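To start, the structure itself, in structure tokens.
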Amino acid sequence: MLFSQLFVNTLKEAPKDAVLKSHQYLVRGGFVQQIGSGIYNFLPLGKKLLDKVRFIVKEEMDKSGAQEILMGFVTPAELWKESGRYEQYGRELLRFVDRKDNEFVLGPTHEEVITHIAKNSIKSYKQLPVHLYQIHTKFRDELRPRFGLMRGREFIMKDGYSFHSSYEDLDREFDTMEMTYKRILQRMGVDFKIVEADSGAIGGSGSKEFMVLAPCGEDTIVVCKNCDYGANIEASKRAMRTQPRAFEVKYDSNPPQAAFARFTTPDIKTIEDLSAFFKVDKFYIMKAIVKKAIKVDNSTELVFFFVRGDDEAQEVKMLNAINKQTNTYVTLEDASIEEIEKAGLVAGFIGAYGLRHITQAQHIYFDESLRDASNLICGANEKDYHFVGVDLSTFEGLDYADLAQSKEGDFCPKCSGELYYTKGIEVGHIFKLGEKYSRAMNAHFLDENGKTQYFIMGCYGFGISRILPAILEQKSDEYGCVWSKEVGIFDIVIIISNVKDSTQSEYAHSIYEKLKAKGIDVLLDERDERFGVKMKDFELLGFNHALIIGKGLNEGKVELIKRESLIKQEFSSVDKDILLEEILKVLV
Ligand code: ATP
Ligand code: MG
């Protein structure tokens, strides 16, 4: 392709709202253009990248035995009502009516549609297992679309769904998909980590995320220094701790030895102040967290959680705890002081004794690290009083759940190595759905014994458009885009330094033809522009290599620059066939 014919418009300035370098470069490089909040047009170079990603994903998915389909983007609301998600999904789901008042949604994900397909087409266990996927547009009315393609409202996803007659077979497919995603990301040339993810209230180890490691990542992931353990902070486990963290000990790592007693603690409300007042480590103080849980029908109720004073409660874990029995809570908000008072409590003095009685609360949970713990301090549910020497093993019917967030310096649940935080961009998510949708939508088949069984399902998402900014966040530099070998726009650009110099021009055209004949994806920058402009475009757009045909040609020299790290290599023979061989060695 000739640069002069390429439909591309590079910009000097990045859009004002573009904080991430990937967003800046994708817009400045003319790969994409914003047309509405969180909605982008892909121009030729952007489309080319998207196709490369699509190609790799398709090739690996097909190799794994999955089959490509295409589902309607516009989905009848009826299906979403069947699954119960029409109400549950919240405001990210774009609902609308047609001229006949039929209700529809723009598909943010396609579990309902695929379950409908299976329900209509799969009658017998003999047709199982089957894995169907599509690469298609999704729409989620994100509250804060941002970072360009990273969090769009309209975006492109590969979503696959598998159907099985047993949980063992689902496990097998889940492992196959983990390997498939691993190969996909290796081919895309990024550093990534596979981490355990939140599986919602269903729990279990049924969900993994694929994180491209980059400082701007919106997800915090907890990683072990010693083994391969990694988890999203929303789901991270840790080894049980029986003592304060050594590096945090302020007073005494041993428990306070006090008989059960009620102490006056005038205006001492925070964990910090209590710890100083009693000269007791925060580990032994029970922290109460009061939240307002919002239900699907918008009604609210106060819910209570307790963690150790040196821990933080994890929002997603808290939500999962209250959703364990009935999946009816959508979000948690902080309860206000007034709401706490209305429930008969005093903020800063909330404790376990009599709490259910005072508040009639349905949900009171204690973190696992408090299981049957003794020698604790907690609020007395009375202004200016705390209890000391509290022993939870003497309480009856307490509900425990994993609520606390793993902290740096905690120990790995697998090997006891030290845990630390890093940042990742979620580009893939695989999930064991089990019978969640098949039950809700009454989708079943006949098993080997002629018995009706619900489909056992898995789902597997990959962010086709999100992987582009993810690659850039990891690989690009201060000059512009750096792509990878398989996800790139051109293998090589031949830059003619001075197009008016016919020797340079003829030589470049001839090398261009030769590379083309060898099947290399080559661009010839024959524009009548200054050399500096052409170099800047090479750096900004990120062609994988540039061959510079300049003054050196007269002395028998040409230069090849690798975009990644901008490493230069000089060839001292301009014999075209020798040069071709040398270039092919680098490119192929
Ligand atoms: P996030 O936590 O980032 O909002 P998600 O967990 O809601 O993502 P999934 O439902 O797991 O996303 O979707 C599968 C994949 O689709 C994600 O791993 C991601 O790569 C991609 N994706 C999800 N939301 C967006 C979006 N708004 N813009 C671009 N890609 C997205
Ligand atoms: Mg996800």
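The values are calculated or read from the model by the stated rules, or taken from the named source; none is laboratory data. Quantities reported herein were computed from a predicted structural model and do not represent experimental measurements. Don't worry about glycine lacking a Cβ; one is built from the backbone with ideal geometry, like all the others, and counts go over all protein chains shown. Accessible surface is based on the protein model in full, side chains and every heavy atom, while ligands, DNA and RNA are left aside. Shrake-Rupley method; radii C 1.70, N 1.55, O 1.52, S 1.80 Å.
Remarks
- Among the residues of the stretch 554-579, just one is at pLDDT below 95, open to solvent by less than 20 Å² (accessible area, probe 1.4 Å), on the phi < 0 side of the Ramachandran plot and not in a strand (DSSP E or B), namely LEU579.
- Count of the stretch 329-357 residues which are in contact (Cβ under 8 Å) with a residue 12 or more places away in the chain and open to solvent by 50 Å² or more (accessible area, probe 1.4 Å): 6
- Qualifying positions in the stretch 390-436 - under 30 Å from HIS164 (Cα atoms), of a type outside the set (A, V, I, L, M, F, W, C) and within 16 Å of ligand 1 (Cβ to nearest atom): GLU426, GLY428, HIS429, LYS432, LYS436
- Subset of the stretch 515-543 [farther than 17 Å from GLU581 by Cβ and open to solvent by less than 20 Å² (accessible area, probe 1.4 Å)]: LEU523, LEU524, ASP525, LYS534, ASP537, PHE538, LEU540, LEU541, GLY542, PHE543
- Within the stretch 226-274, the residues that satisfy the criterion of being among the polar types (S, T, N, Q) and modelled with pLDDT under 95 are THR242, GLN243, SER253, ASN254, GLN257.
- Count - residues of the stretch 183-208 that are in a helix (DSSP H, G or I), open to solvent by less than 70 Å² (accessible area, probe 1.4 Å) and at pLDDT 95 or above: 3
- No other residue among GLU13, GLU68, GLU87, GLU59 is under 25 Å from the mean Cα position of the chain (by Cα) and closer than 30 Å to CYS216 by Cβ apart from GLU59.
- Near pairs, Cβ below 8 angstrom, 6+ apart or cross-chain, from the stretch 6-35 (farther than 21 Å from LYS534 by Cβ) to any residue that is surrounded by fewer than 19 Cβ atoms within 10 Å (Cβ to Cβ) and aliphatic (A, V, I, L, M): HIS23/ALA14; VAL32/LEU43; GLN33/LEU43
- Across the stretch 33-81, the qualifying residues are those that are under 26 Å from GLU173 (Cβ atoms), aromatic (Phe, Trp, Tyr) and open to solvent by 40 Å² or more (accessible area, probe 1.4 Å), and the one among them that is nearest to ligand 1 (Cβ to nearest atom) is PHE73.
- Residue, farthest from ligand 1 (Cβ to nearest atom), within the stretch 464-500, restricted to residues that are more than 21 Å from VAL588 (Cβ to Cβ) and hydroxyl-bearing (Ser, Thr, Tyr): SER497
- Candidates LYS436, LYS432, filtered to the one that is buried (at least 18 other Cβ atoms within 10 Å of the Cβ), out of contact with any Pro (no Cβ under 7 Å at 6 or more places or on another chain) and modelled with pLDDT under 95: LYS436
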